[in-house]
Amino acid sequence: MRTAKILAIDTSCDDSSSAVVEGVRVLSNIVASQNQIHKKYGGVFPTLAKQAHKENLDPAIQTAMAQARVTWSEIDAIAVTIGPGLAPALEVGIAKAKELSLAHDKKIIAVNHVEAHALSPLACRGERNLSKGEDSVANTHAKQPQFPSLAIVISGGHSEFILVEQIGQYHKLGQTIDDAAGECLDKVGRILNLGYPAGPLVETFAKKGRADQFSFPRAMTGQANFDLSFSGVKTFARNLIAQLETEKKLTRQTIYDLSRGLQDAVFAQIIYKLERILLSSDLQNGVYPSRDFLRHLADGQAPLTPIKEIWLGGGVAANISLRQAIRRLLHKYYLQSGKKIKLQLRVPYSKKLCGDNAAMIGVVAGYKLARGEFAKVGEIEREPSLGI
Ligand code: KG4
Ligand code: ZN
């Protein structure tokens, strides 16, 4: 049977994106970035984002269809992000999806942006999207996901641990109680005039920085939950920068050291909570925390089965140090737990799939289409605070 082809749209924040997918296979994925527009503000300016989406979305859709070499007659449905995101930005994508649905008589699938980041590691390259020299078999036939898996979504707007019991059945284990991890990197980067978004530059600088120069706080280590908090790290960095400026010690090398300290502190917290989750899910050994807490974790309903895979998505998932830190933890957990199989980390196949993009929206929509979950055109509304 032919797999349905979906045209996907994402305008949740500052990227206008459109993609064509066939199940989890990505035939094209066009992202028109607005970074240059928002750079001077050190963050996203919603009204400018809306205007830029209006200008960039049509060309993005046309290019996505041309690259995938599909016509409207071959498209089975249109997928669009309905939230979470910036209300004025979401509005543009939703209006375009409705317009195209009416013009071409296609069904609409409403997609949650965080679910899309969570499932982004499942995407694989379609044949028409292969770079030269790549192994087409390895890239176009993804391994079937194992359940339950743990999806870690770390981006500029979100930092969440999500237990994926099945595709479409999620249980949020923890999330940031203040800033998202990427937001923390961006805000400190803004104080240092690193441009927007600062995350990629923080990664580059951190490689040249020394780990032992500053003692950033290791927040949330005393709490028996899986929530995260990065505002303490941000405040520490802000005060440190002010002090270094006063003392005229803000040199190039200090900025490298600061980037290293900041990145290590942010990632250490994610790793710490991830380890707690793995230990908690290991009921057999019952190391951490108490059974009472486990009951709270599963809302007293779903029995917690050992996690089979770890998925990492979101803009910050592009960071190689974060991936390495997670892999090191999985190795340590494998050695300590005495399990026969080491947990594997799945990451998106390209950096483009880590940041905001429409291919991941299409991947979620593919599963929804298979379940017959279509939205009524008249009832689709933007949902800026939509949760998973
Ligand atoms: O997923 P995304 O494009 O947008 C949201 O949904 O938020 O994530 C953007 C975030 C920004 O905070 C950016 O600084 C961060 O991802 N980011 C990185 C890296 N690349 C992007 N952070 C650390 N290291 C990177 N290489
Ligand atoms: Zn995002």
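Here are a few things to note about the model shown:
- Debye, to nearest 20: dipole size of the chain, +1 on Lys, Arg Cβ, -1 on Asp, Glu Cβ: 1100 debye
- Cleavage-rule hits, trypsin sites (Lys or Arg not before Pro), region 347-388, DSSP coil, Cβ neighbours within 10 Å at most 16: Arg371, Lys376
- Charge context of Asp257, other residues only, Cβ under 12 angstrom, K/R +1, D/E -1: +4
- Exposure proxy order (Cβ contacts within 10 Å, fewest to most) of Arg218, Arg125, Arg328: Arg328, Arg218, Arg125
- Residue order, fewest to most surrounding Cβ atoms within 10 angstrom, among Asp179, Asp212: Asp212, Asp179
- Taking other residues whose beta carbon is less than 9 angstrom from the beta carbon of Asp356, and scoring Lys, Arg as +1 and Asp, Glu as -1, yields -3.
- Sequence-separation-based contact order of the chain, relative, with Cα cut under 8 Å and 6+ spacing, percent: 25 percent
- When DSSP beta bridges are restricted to pairs lying wholly in the chain, around 55% turn out antiparallel.
- All lysines inside 26 Å of Lys376 as judged from Cα atoms, apart from same-chain residues fewer than 8 positions distant: Lys5, Lys50, Lys54, Lys96, Lys98, Lys106, Lys107, Lys368
- Candidate lysines - alpha carbon under 24 Å from Lys340, same-chain residues fewer than 8 apart omitted: Lys143, Lys273, Lys308, Lys332
- Size of the chain as Cα extents on the principal axes (Å, biggest first): 62, 53, 44
- Projecting the Cα atoms of Gly157, Leu262, Gln34 onto the dipole axis of the chain, where Lys and Arg carry +1 and Asp and Glu carry -1 at the beta carbon, places Leu262 farthest toward the positive end.
The numbers here are math on the coordinates, done by the rules we state, and not lab data. The shown structure was predicted, so the numbers you read here are calculated from the model rather than taken from an experiment. Heads up, the Cβs are rebuilt from the backbone with ideal geometry, glycines too, and the neighbour counts pull from every protein chain shown.
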